[in-house]
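See below for the structure under consideration.
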Amino acid sequence: MSTQNQPLEYEQVSYNAPGGIQICNVSTASAKIGFFGKAPIGIQTLTCAISTTASRSTAGCYGFDTSTETLQIANAVSSLGVILRAYGIVV
């Protein structure tokens, strides 16, 4: 596919306000957003819980006290990947 016919311009979505930019200012299921051609979807929820202990005096492999904590972190990172793919932010 040739890029010769593609515009060399882009649209800016903010006017450089000092406070920044906000996308989707409502937190309802009807507010949807998509990136890079993905169909817009509503707010996603990270469903895996991460519980850590207050003390790290007995930290084992990789700095976690138990294998359960290690699995919780791995599941959270995996879930984040699924959510980011759903929005089209990563492939």
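Things to note:
- Considering the range 4-38, and only residues there that are hydroxyl-bearing (S, T, Y) and at pLDDT below 75, the residue that is farthest from the chain's Cα centre (by Cα) turns out to be Y10.
- Applying a threshold of 9 Å to beta carbon distances and a minimum spacing of six or more residues, or different chains, the list of pairs starting in the range 12-34 at a residue that is on the phi > 0 side of the Ramachandran plot and ending at one that is among the hydrophobic types (A, V, I, L, M, F, W, C) and not in a loop (DSSP other than H, G, I, E, B) reads C24/I33.
- Test: residue in the range 56-77 that is exposed (fewer than 13 other Cβ atoms within 10 Å of the Cβ), polar (S, T, N, Q) and either at pLDDT 85 or above or in contact with a Gly (Cβ under 9 Å, 6 or more places away or on another chain) (or both): yes
- Just one of the listed residues (I41, I50) is within 17 Å of L80 (Cβ to Cβ) and at pLDDT 85 or above, and it is I41.
The values are calculated or read from the model by the stated rules, or taken from the named source; none is laboratory data. Just so it is clear, the model here is predicted, and its values are computed rather than measured. For neighbour counting, all protein chains shown are included, and Cβ atoms are generated from backbone atoms with ideal geometry for every residue, glycine included.
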